[in-house]
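Okay, structure first, notes after.
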Amino acid sequence: MYEELIKYRDKLYTCNRSHCGFCQEGCLPYKLLGYEQYSSRGRMIVSRVLIERNIKIDENIVDIVFNCFLCGFCNAKCALYPTDIFTALRREINKAGLTPRPLIEVANNIVSSGNPYAFSREDRYKWTKDIQITTKSQSIYFPGCVYPYLQAKQTKTIYSLLAKTGIEISYIPEIDNCCGYPVYLTGDMEKFEAIAKKNYENWKRQGIKKIYTPCPGCYKTLAEIYPEFIENYDIEVYHAVLAIHDAYENGKISLQKKYQTITYHDPCDLTRFMRVIEEPRKLIEAISNEFIELDYHGYFAKCCGGGGLVVAYNPQLHLQASIHRAKEIESVGAEIVTTFCPTCLRTLRKGLKRIKAKTKLIDLGQLIFSSMQ
Ligand code: SF4
Ligand code: SF4
């Protein structure tokens, strides 16, 4: 019983012995729901009880596990890297057939329609209307699902921006599908593996060698999770901000200081999991007169509330977290807050609207594009 979890036995005992609680400082479910079990330390105790006593998972345990953004703030504070354990917990819950219904629906939509919303294929390509798209090159644009379906304008802008960096970038509509990250978050590894392998086969058939994506979740999935499931995985994967930064540093694009004050919200997957911290900051400094850091930033940034599929499981907690982060953003008094993640953009928009913030939220790709000389 609990084969996934038992691998972490030593870490669980280390945590339970030290009981230090450093992980709790920036854990939003713990702050907002108020109970120990919703913190990293609490989930570690629950995991230990499961493997020690072999008790069955029940709805209380499911609730504890899925009220977690998998944001990794606890990883930043704790050498045990707790999110690996919380991902294993989701796998155990899936094996027990207890994955919450709304998350199963997300996974089923991805399998049947290639996106989490069950939207049409045609809608996925609407951002390509009115622009020239190349379909033949070894480097492809992989916009993910959230950008093209819900932020078509930004999707188009970022593609145009990448094209201006000198990369021979193409977009192949027929093979553009979800990366499967939301399925991974449900704990259904069988479905996730099938999606990953199908995507990889498609890319290999087209001779793809490099992928550029503007979505931090896709970036982490394609660069770090796929190699765990695909033998000899040989695709190079970059977040768009890396390519844009590279082009700026090498003089392929020039930028002007078009904005006064900008603050930046670090997307968890981009910053903490993929360690892309300096590049967006250098670009913001190039386009603004003043860059203001948030109190919790970089490796220690707080989640916006968009992670872990909490939006599907507990929309109220998702909203509360977004309001919490919006207040932190508003408190620094910047003219603009920016980020380079479609999920953070969507989530922060809700919180900023609720608090009637003066700070304007604008995608970093948009800001850079409009600052090009
Ligand atoms: S998860 Fe890490 S930081 Fe949190 S109580 Fe356990 S050992 Fe301490
Ligand atoms: S991943 Fe984030 S939400 Fe989950 S326990 Fe760690 S800090 Fe809390």
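Among what's in segment 12-47 and is crowded, with 19+ Cβ neighbours inside 10 Å and basic (Lys, Arg), pick the residue that is farthest from ligand 2 (Cβ to nearest atom). Out of the qualifying residues, it is 41.
Might you check whether a residue that is open to solvent by 60 Å² or more (accessible area, probe 1.4 Å), of a type in the set (Gly, Ala, Ser) and out of contact with any helix residue (DSSP H, G or I) (no Cβ under 9 Å at 6 or more places or on another chain) occurs anywhere in segment 334-347? Working first, answer last.
In the first step, residues of segment 334-347 are kept if they are open to solvent by 60 Å² or more (accessible area, probe 1.4 Å); the result is 335, 346.
Keeping just the survivors that are of a type in the set (Gly, Ala, Ser) gives none.
Scanning segment 334-347 turns up no residue that is open to solvent by 60 Å² or more (accessible area, probe 1.4 Å), of a type in the set (Gly, Ala, Ser) and out of contact with any helix residue (DSSP H, G or I) (no Cβ under 9 Å at 6 or more places or on another chain).
Residues of segment 15-62 being among the basic types (Lys, Arg) and part of a loop (DSSP other than H, G, I, E, B), which ones?
So in segment 15-62, the residues among the basic types (Lys, Arg) come out as 17, 31, 41, 43, 48, 53, 56.
If the condition is that a residue be among the basic types (Lys, Arg) and part of a loop (DSSP other than H, G, I, E, B), then 56 is the only one that fits.
The set of residues in segment 118-145 that are of a type in the set (A, V, I, L, M) and surrounded by 13 or more Cβ atoms within 10 Å (Cβ to Cβ) comprises 118, 133, 140.
Residue count for segment 211-244 under the criterion of being touching a Gly at 6+ places or on another chain (Cβ under 8 Å), within 19 Å of residue 278 (Cα to Cα) and of a type outside the set (Val, Ile, Thr): the result is 4. Of note, residue 91 satisfies the criterion of being in the same structural domain as residue 50 (by TED's automatic domain parsing), away from ligand 1 (no atom under 16 Å from the Cβ) and open to solvent by 10 Å² or more (accessible area, probe 1.4 Å).
Going through (1) surrounded by fewer than 24 Cβ atoms within 10 Å (Cβ to Cβ); (2) assigned to a loop (DSSP other than H, G, I, E, B) one by one, residue 307 falls short only on (1).
Rundown of residues vs (1) within 11 Å of ligand 1 (Cβ to nearest atom); (2) in the same structural domain as residue 189 (by TED's automatic domain parsing); (3) crowded, with 16+ Cβ neighbours inside 10 Å, yes/no style:
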site	(1), (2), (3)
55	no, no, no
62	no, no, yes
79	yes, no, no
114	no, yes, yes
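The values are calculated or read from the model by the stated rules, or taken from the named source; none is laboratory data. These numbers come from a predicted model, not from an experiment. Counting neighbours? That spans all protein chains shown, and the Cβs are built from the backbone with ideal geometry, glycine included. The protein model used for the area step is the full one, side chains on, heavy atoms only, and it has no ligands, DNA or RNA in it. Shrake-Rupley method; radii C 1.70, N 1.55, O 1.52, S 1.80 Å.
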